[in-house]
Amino acid sequence: MASWVSRMLPRNACSLATSSKIQRHEDCHRQHKAYGYFLPIQTRWQDNDQYGHVNNVVYYSYFDTIINHYLI
């Protein structure tokens, strides 16, 4: 791992490439618990680019939709 990458990570973080499958699952679960609200969003055809990736600008509309849903 590059030295600048290790400086950006928290002290107890480890690389996903070198961590075990169990460790990756625990890290994912821990990150999931850090958020209090989830809302599944169905993507539309127009949200994707020609490679099937969701366009970056669309993420902001997802955030706006989820926040408004939570506030209502």
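Only the coordinates and a few stated rules stand behind these numbers; no lab work does. The structure displayed is predicted, hence computed values, not measured ones. Note that each Cβ is placed from the backbone with ideal geometry, even for glycine, and that neighbours are counted across all protein chains shown.
Note the full-extension length gain between residue 64 and residue 43 as 0.36 nm times their separation in residues minus their Cα-Cα distance, in nm to one decimal. Provide the component values of the computation, followed by the final result.
Working: separation 21, 0.36 × 21 = 7.56 nm, distance 1.44 nm.
Extra length from residue 64 to residue 43 when fully extended: 6.1 nm.
Using the per-residue mean of other Cβ atoms lying within 10 Å as a proxy for protection, in what order, highest first, do the peptides 33-40, 54-61 fall? Let's see the in-between values first.
Working: 33-40: 7.4, 54-61: 11.4.
Ranked by mean Cβ neighbours within 10 Å, highest first: 54-61, 33-40.
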